[in-house]
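Following: one structure in structure tokens, then a few remarks.
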Amino acid sequence: MSDHQTVVHDVLVIGAGGAGLRAAIEAASGGVKVGVVCKSLLGKAHTVMAEGGMAAAMANVDDRDSWRVHFADTMRGGQYLNNWRMAELHAKEAPARVQELEKWGALFDRTKDGRILQRNFGGHRYPRLAHVGDRTGLEMIRTLQDHGIHEGLDVHMEYTVVTLLHDGERIAGALAYDRERGRFRVFRAKAVVLATGGIGRAYSISSNSWEYTGDGHALAYLAGAALQDMEFVQFHPTGMIWPPSVRGILVTEGVRGEGGVLRNRDGKRFMFDNIPDNYKSQTADNEEEGWRYTQGDKDARRPPELLTRDHVARMIVREVKEGRGSPHGGVFLDISWIKDRLPNAAEHIKKKLPSMYHQFKQLANIDITKEPMEIGPTTHYVMGGIRVDGDTQMSTVPGLFACGECAAGLHGANRLGGNSLSDLLVFGKRAGEHAAEFARSHGDVALDEGEIDAGVRYALAPFERGGGAEGAYQVQDALQSTMQDLVGIVRAQHEMEEALVEIETLKQRAERVGVPGNREYNPGWHTALDLRHLLIVSEAIARSALERKESRGGHFRDDYPEKDPAFATFNHVVRRGANGAMELVREPIPPLPAELAAIIEEMK
Ligand SMILES: Cc1cc2nc3c(=O)[nH]c(=O)nc-3n(C[C@H](O)[C@H](O)[C@H](O)COP(=O)(O)OP(=O)(O)OC[C@H]3O[C@@H](n4cnc5c(N)ncnc54)[C@H](O)[C@@H]3O)c2cc1C
């Protein structure tokens, strides 16, 4: 029997980002004993990096906004593959969740009359993002963390979960190791909430933190849950590209929301060249109108720079491919031009976009109040994830819940900026509430020592193979290049087939990876254990993308560049088959209720 400590909770939340903390707070307020486990320190989850804001139709800046418009925007952005129930709940509940955060101490930027200020963002018809300058995630995490501690959460920091545990069909807890000392800890729990974030580290150019290795997706998959719509990966149009040491770091959409424009090498605003039909009526057709929109003119339509991220990213790729890119393979994003319009432009930019100002000054020696930024697309977000029930957030495995970026449904084929932070609050709360309810209404679980021993043996195996074997970093690097080059922004059948062959080879290499040294403070070991997760999500992305023979949202195929209505009726779902191989099926999308269909029609 393995040597480990066992800790018992009613509800175990894996992840301490916005979704995990909100879930944990709700579960704790439901009167059950809650534990939170996270890979990094409390307060350091990826959510802390969020910049632009959280979307909620509070109508503080434009009184034409409502949950109905937010719902229609989210569905249009997701190209109607969204779980419509989640889109409805999100649009209806986000305002209350933001106001609750304020009640718990979050200090948002203010309108002149003292209400929460809201800013413009891509794909949102009205200014909708509650924000704190461009450091909204920090305020969110700080507030949830403070509130959570007062709710009595038991937090286990710097523990990585390597496997979920079962009692028959039901989830029974998790096995984790301590990243500092390498000791194992078993968590026994009646319900488990996965809130582990995304998968961006499967690609070589990414805005995502080191934590984004797809752990929750893979743990759920291995535990028998289904993953949905994994082909939909969001490539944010504006990441830094120069110097190489900063490649992929995000440049917030808030820059474009404040009036920033995209230009090619010749100084042309190329976004006016191609406005998709379903956005034409809402998009400015001249520069003057676009500028007025960013300054709050309610009669103006948004500039094409604020079209959805998938479209803007592809337009940038087109400029570069056709030889009109910037010197380092991107295009220019310029906010400095607003000095022609505003008397105190430099101060205004520094006040509205403080992090961007410092980021470019310190990392690229560029003063964004005076000169344009050079930017290009970066892997940013995964719309695909664990398939959950829209109301309860329970996965297809009893007692296993998921929320936040690791869960699928709300965003369909493409997420609108700002809809993630509100997703974390709305569905974090729901997951916590229903996990607590599950724990209260179901009896205790028993742990299977054999399952725990197998998990420990798996985790320690890289040491048995030793430092003479191939290292984890080489395999990780090869996988990231494969995904970047063959399953990236623009995809084609032969490339994805090649990627799947390569992933099979990499799986075998990963099984032979060896780690020198011992369990204490050993990042090579951590990377070796990440590989299984990265390979599972990469395979799920490539398989789902290969099957989707059309272009929609974040998924663009060179060989099928058009949208095909036949693909609008189902979600792709992958599961682990009886023989251990990945199986993919089509799950029909339930018909939209008449009331919601009417809203979409009305807002077209
Ligand atoms: C630079 C940047 C800016 C962004 N700006 C915005 C924005 O302005 N508005 C918006 O809506 N969205 C934004 N996003 C997206 C948004 O920040 C994320 O989608 C969101 O924060 C994800 O939150 P989460 O709670 O799901 O996961 P996270 O905040 O990533 O938390 C995941 C948690 O899971 C833990 N974890 C992971 N694996 C394990 C494991 N195996 N064992 C134990 N613990 C584990 C981690 O340690 C962490 O605590 C931005 C993203 C980036 C990269």
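Structure notes:
- Among the candidates Arg324, Arg301, Arg269, the residue that is touching a Leu at 6+ places or on another chain (Cβ under 8 Å) and either modelled with pLDDT of 95 or more or within 30 Å of Asp62 (Cα to Cα) (or both) is uniquely Arg269.
One line per residue, one yes/no per condition, for (1) surrounded by fewer than 24 Cβ atoms within 10 Å (Cβ to Cβ); (2) within 16 Å of the ligand (Cβ to nearest atom); (3) at pLDDT 95 or above; (4) more than 26 Å from Thr238 (Cα to Cα):
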position	(1), (2), (3), (4)
Gly17	no, yes, yes, no
Lys39	no, yes, yes, yes
Ala56	no, yes, yes, no
Arg97	yes, yes, yes, yes
Glu102	yes, no, yes, yes
Arg110	yes, no, yes, yes
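- Hits in region 62-78 (condition: surrounded by 21 or more Cβ atoms within 10 Å (Cβ to Cβ) and in a loop (DSSP other than H, G, I, E, B)): Asp65, Gly78
- For first residues located in region 43-59 and over 13 Å from Glu93 (Cα atoms) and assigned to a helix (DSSP H, G or I), partners that are aliphatic (A, V, I, L, M) and near the ligand (Cβ under 6 Å from one of its atoms) and lie 6+ apart or on another chain with Cβ distances below 7 Å form the pairs Thr47/Leu424.
- Subset of region 401-446 [charged (D, E, K, R), within 12 Å of the ligand (Cβ to nearest atom) and farther than 21 Å from Ala16 by Cα]: Arg415
- Summed over region 135-166, residues that are away from the ligand (no atom under 13 Å from the Cβ), more than 22 Å from the chain's Cα centre (by Cα) and closer than 24 Å to Ala50 by Cβ total 5.
- Filtered by the rule that a residue be within 23 Å of Ala130 (Cβ to Cβ) and within 16 Å of the ligand (Cβ to nearest atom), region 19-37 gives Ala19, Gly20, Leu21, Arg22, Ala23, Ala24, Ile25, Glu26.
- Met603 being under 20 Å from Glu497 (Cα atoms), touching a residue at least 24 places away in the same chain (Cβ under 8 Å) and either open to solvent by less than 50 Å² (accessible area, probe 1.4 Å) or of a type in the set (A, V, I, L, M, F, W, C) (or both): no
- Residue that is farthest from the ligand (Cβ to nearest atom) [pool: residues in region 217-256 that are within 14 Å of the chain's Cα centre (by Cα), aliphatic (A, V, I, L, M) and open to solvent by less than 20 Å² (accessible area, probe 1.4 Å)]: Met230
- Residues of region 41-52 satisfying the condition of being open to solvent by less than 20 Å² (accessible area, probe 1.4 Å) and either more than 9 Å from the ligand (Cβ to nearest atom) or over 22 Å from His358 (Cα atoms) (or both): Gly43
- When the residues of region 257-283 are filtered to those that are within 16 Å of the ligand (Cβ to nearest atom) and either open to solvent by 10 Å² or more (accessible area, probe 1.4 Å) or part of a loop (DSSP other than H, G, I, E, B) (or both), the one that is farthest from Thr379 (Cα to Cα) is Glu258.
- The sole residue among Glu180, Glu169 that is under 30 Å from Glu449 (Cα atoms), open to solvent by 10 Å² or more (accessible area, probe 1.4 Å), away from the ligand (no atom under 15 Å from the Cβ) and more than 19 Å from the chain's Cα centre (by Cα) is Glu169.
- Just so you know, in region 284-323 the residues that are under 19 Å from Gln118 (Cα atoms) and among the acidic types (Asp, Glu) include one that is surrounded by the fewest Cβ atoms within 10 Å (Cβ to Cβ), and it is Asp299.
- Region 244-258 residues that are closer than 22 Å to Ala130 by Cα, paired with ones that are more than 9 Å from the ligand (Cβ to nearest atom) and acidic (Asp, Glu) (beta carbon under 6 Å, 6 or more apart): Arg256/Glu305
- Filter result for Lys33 (within 27 Å of Arg201 (Cβ to Cβ) and of a type in the set (D, E, K, R)): no
- Within region 413-425, residues that are outside any loop (DSSP other than H, G, I, E, B) have Cβ atoms under 6 Å from residues that are open to solvent by 10 Å² or more (accessible area, probe 1.4 Å) and more than 6 Å from the ligand (Cβ to nearest atom) in these pairs: Leu425/Arg97, counting only partners at least 6 apart in sequence or on another chain.
- Tally, over region 547-591, of residues that are more than 14 Å from Asp229 (Cβ to Cβ) and not in a loop (DSSP other than H, G, I, E, B): 7
- Residues (assigned to a helix (DSSP H, G or I) and of a type in the set (Lys, Arg)) located in region 101-146: Lys103, Arg142
- Close Cβ contacts (under 9 Å, 6 or more residues apart or on different chains) running from residues in region 185-214 that are without any contact (Cβ under 8 Å) to a residue 12 or more places away in the chain to residues that are assigned to a loop (DSSP other than H, G, I, E, B) and near the ligand (Cβ under 8 Å from one of its atoms) comprise Trp210/Lys39; Trp210/Ser40.
- The residue that is nearest to Met315 (Cα to Cα), among those in region 551-598 that are open to solvent by 80 Å² or more (accessible area, probe 1.4 Å) and hydrophobic (A, V, I, L, M, F, W, C), is Ala594.
- Which numbered condition Ser441 fails, given (1) in contact with a strand residue (DSSP E or B) (Cβ under 7 Å, 6 or more places away or on another chain); (2) farther than 28 Å from Thr482 by Cβ: (1)
- Scanning region 188-216 for residues that are more than 10 Å from the ligand (Cβ to nearest atom) and open to solvent by less than 20 Å² (accessible area, probe 1.4 Å) yields Ala189, Ala191, Val192, Val193, Ile199, Ala202, Tyr203.
The values are calculated or read from the model by the stated rules, or taken from the named source; none is laboratory data. Just so it is clear, the structure is predicted and the values come from calculations on it, not from any experiment. Cβ sites come from the backbone with ideal geometry, for glycine too, and all protein chains shown count toward neighbours. SASA here: full protein model, heavy atoms, side chains in, ligands and nucleic acids out. Shrake-Rupley method; radii C 1.70, N 1.55, O 1.52, S 1.80 Å.
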